[in-house]
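Working notes, structure below.
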Amino acid sequence: MARILVAEKIAEPALQRMRDAGHEVDIQVGLSPEELIEAVVGAQALIIRSATTVTAQVINSGKDLVLVGRAGVGLDNVDVAAATEAGVLVANAPLSNVVSAAEQTLALILATARNLPQAHSALTQGRWERSAWSGVELQGKTLAIVGLGRIGRLVATRAAAFDMRLIGYDPYVTQESAAEAGVELVSLDEIAARADFLTLHVAKTPDTTNLIDAAFLAKAKATLRVINVARGGIVNEADLAEAIASGQIAGAGIDVWETEPTTESPLFALPSVVVAPHLGASTAEAQDKAGDAIADQVLAALSGKPVEFAVNA
Ligand code: MLT
């Protein structure tokens, strides 16, 4: 029997599967970094989502750790190099929330195009504001998809159904492969020159941090709306707020933040910005899939079997 430390909310059926396999499922949500370093002592597996940072200190304190399981896609909150060094497997659930993230992207594209949250808010506060919240159609507009991995491609399929023109940027993808997804591969400069909507589907790395900044936004069309369901910090929030406030671009739909959780941003005061508190993967389906996939990884690792989604095996 192993102790599995669960540091964030994970779907109950996945927890039950690990209990049924005879393991102790130790749920400790909301630990501070210091508390996590203590709680991980003696645990064989650690399960997290995006709110927990697994530092080298956490890994080194978890001397019995066999696996860190990330119930989601992004691994920017795990020091994978430190885990590899310590012989600890890191696995994620790369397929679990791709549909939810793509659907959240379309929800934000539509919400920003039609100002739906703002209109809802005005009406429920007793204001009938028809002309204030007039919007734009998606048909015929150019959507730029930065990052043509699983989520970017699901966004492409869905945006094509709205008759949007699709362009994209991804240095790891060929013209042919982009064309198969219905996307014309172009440079970032061309995206700035052509896009009415821009959506990001890349991991946060030193290369993608501040990818969308004042210099990019200065070249963009006045009709541009920026959507970020990927990771905070890929878009520079201060630069984005300034570009929208000055009328340089039209608006934004932002789900992820440079610092999370956050309740303050210069973007919150802008009427053409729609925001959410990192809800891209927050659907019943995605959470079930993420929990299930991570239970598979933990159970495999604890019984010495191959771990399908290990990123550092
Ligand atoms: C992910 O990387 O999987 C998403 O941001 C969702 C999450 O972490 O909960």
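Scanning segment 157-200 for residues that are touching a residue at least 24 places away in the same chain (Cβ under 8 Å) and part of a helix (DSSP H, G or I) yields 157, 158, 159, 177, 178, 188, 189, 191, 192, 193, 194.
Restricting segment 241-263 to residues that are more than 16 Å from the ligand (Cβ to nearest atom) and buried (at least 18 other Cβ atoms within 10 Å of the Cβ) leaves a set whose member that is farthest from residue 50 (Cα to Cα) is 248.
Taken across segment 294-305, residues that are closer than 30 Å to residue 138 by Cα and in contact (Cβ under 8 Å) with a residue 40 or more places away in the chain do not occur at all.
Only one residue in 241, 245, 215 is within 16 Å of residue 195 (Cα to Cα) and modelled with pLDDT of 95 or more. Which one?
Checking each option against the conditions leaves just 215.
When only residues in segment 264-273 that are closer than 14 Å to residue 108 by Cβ and out of contact with any Asp or Glu (no Cβ under 9 Å at 6 or more places or on another chain) count, which is nearest to the ligand (Cβ to nearest atom)? The qualifying residue nearest to the ligand (Cβ to nearest atom) is 273. I'm told residue 233 meets every condition in (1) in contact with a Phe, Trp or Tyr (Cβ under 9 Å, 6 or more places away or on another chain); (2) surrounded by 22 or more Cβ atoms within 10 Å (Cβ to Cβ) except one. Can you identify the failing condition by its number? Checking residue 233 against (1) in contact with a Phe, Trp or Tyr (Cβ under 9 Å, 6 or more places away or on another chain); (2) surrounded by 22 or more Cβ atoms within 10 Å (Cβ to Cβ), the one that fails is (2). When residue 41 is tested against (1) outside any helix (DSSP H, G or I); (2) crowded, with 18+ Cβ neighbours inside 10 Å, only condition (2) is not met. Among the candidates 154, 108, 148, 95, the residue that is within 16 Å of the ligand (Cβ to nearest atom) and in contact with a Gly (Cβ under 8 Å, 6 or more places away or on another chain) is uniquely 108. Among the residues of this structure, residue 189 counts as one that is more than 21 Å from the chain's Cα centre (by Cα) and of a type in the set (D, E, K, R).
Across segment 211-231, which residue is nearest to the ligand (Cβ to nearest atom) among those that are farther than 25 Å from residue 107 by Cβ and in contact with a helix residue (DSSP H, G or I) (Cβ under 8 Å, 6 or more places away or on another chain)?
213
The values are calculated or read from the model by the stated rules, or taken from the named source; none is laboratory data. None of the values given here were measured: they were computed from a predicted structure. A quick note on method: Cβ atoms are made from the backbone with ideal geometry, for glycine too, and the neighbour counts reach across all protein chains shown.
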